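The values are calculated or read from the model by the stated rules, or taken from the named source; none is laboratory data. Computed from a predicted structure; not experimentally measured. Cβ placement follows ideal geometry from the backbone for every residue including glycine, while neighbour counts extend to all protein chains displayed. In case anyone asks, the SASA skips ligands and DNA or RNA and just uses the protein heavy atoms, side chains included. Shrake-Rupley method; radii C 1.70, N 1.55, O 1.52, S 1.80 Å.
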Amino acid sequence: MSLPDGVEQRAFDGEEALATRGEPVYGEPTADGWRRWAPRRSKLGAMLETDMDTGLVGDETVLYLGAAAGTTVSHVADFVGPTYAVEFAARPARDLLDAAEPRPKLFPLLKDARKPETYAHVVEPVDVVIQDVATRGQAKVALANREFLADDGRLLFAVKARSEDVARPPEEVFDEVLETLREGYDIIERQSLEPFHDDHLGVVATPR
Ligand code: SAM
């Protein structure tokens, strides 16, 4: 498995698991300052666990869309540089603020990811956009935020089929989402996130 600097396989109760080094956030097991990063709780964790070509090396500048209470973005902020975390729901954002407290490079933004103009004055150009918004129109969100991504940057995108259409077969939904995404990105890898996340697709893309 190719892992970025700052992400390691560590032993927790005798079991090897992905981990980052930082303050615990959601009651996850810790050992010697390392926090277990469970792929079942994180689509990006599942992308790393399934050895997708995320291109992450550590130290990147990141825009994270759909930060929720900070489960995944807190792990990300443990090993990258400045991390802008967008979440539009006030309730999880309160926990996100707690996760950011001991992480000086994690900047929570209580904003709607469909309206990048509302945070464009704060966010610098980034090396990586990570998206996990679980909302209808996921590809449009990625297209709207493409403006922040460096030309040689990457989009790491978790697509949830049910957020687009609960009734249609996930493969059909994925194809349609990717067709829209191609308006602004070249797709370099797509892979199911099962068995960690049902009906989710992991996508790695570069801006065109
Ligand atoms: N990425 C999180 C993690 O792994 O810790 C989980 C994210 S959860 C599946 C999806 C989140 O996206 C929810 O917290 C939801 O409020 C947020 N979301 C949905 N649409 C959004 C939008 N337009 N702008 C910002 N956040 C949005």
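For the chain, what is the relative contact order in percent, using Cα pairs closer than 8 Å and at least 6 residues apart in sequence?
Rounded, it is 17 percent for the chain.
Considering amide H positions built from the backbone, and no H for Pro or chain starts, which residues 5 or more places from Phe12, or on another chain, come under 5 Å of its amide H?
Close amide H contacts, sequence-distant or interchain: Ala17.
Accessible surface of Thr206 in the full protein assembly, 1.4 angstrom probe, to the nearest 10 Å²?
The accessible area of Thr206 comes to roughly 40 Å².
Given R₀ = 30 Å, FRET efficiency for Ile187-Arg91 by Cβ-Cβ distance, to 0.05?
Result of the calculation: an efficiency of 0.35.
Assuming R0 = 41 Å, can you tell me the calculated FRET efficiency for the pair Glu16 and Arg208, based on Cβ-Cβ distance, to the nearest 0.05?
For R0 = 41 Å, the calculated efficiency reads 0.60.
Need the C-alpha centroid separation for region 178-203 versus region 8-86, integer Å.
The two parts, judged by their Cα centres, are 20 Å apart.
Using a probe radius of 1.4 Å on heavy atoms only, what accessible surface per residue do you get for the chain? Whole Å² is fine.
The answer is 47 Å² per residue.
Over all distinct alpha-carbon pairs, what is the Kirkwood Rh of region 103-208 in angstrom?
Roughly 14.3 Å, rounded to one decimal.
Based on the Cβ-Cβ distance from Thr50 to Arg162, what FRET efficiency comes out when R0 is 30 Å, to the nearest 0.05?
0.90
Within the chain, what whole-number % of the accessible surface is contributed by carbon and sulfur, with the 1.4 Å probe and all protein chains included in the calculation?
Answer for the chain: carbon and sulfur cover 45 percent of the accessible area.
Check cross-link reach from Lys160 to the lysines: straight Cα distance under 21 Å, and skip same-chain residues fewer than eight apart.
Candidates past the 8-residue exclusion: Lys43, Lys111, Lys115, Lys140.
Per DSSP H run of at least 4 residues, take -39500 (n - 2.57); add these up for the chain, divide by its residues and hand me the 222 nm value, nearest 500 deg cm²/dmol.
One gets -6500 deg cm²/dmol as the mean residue ellipticity at 222 nm.
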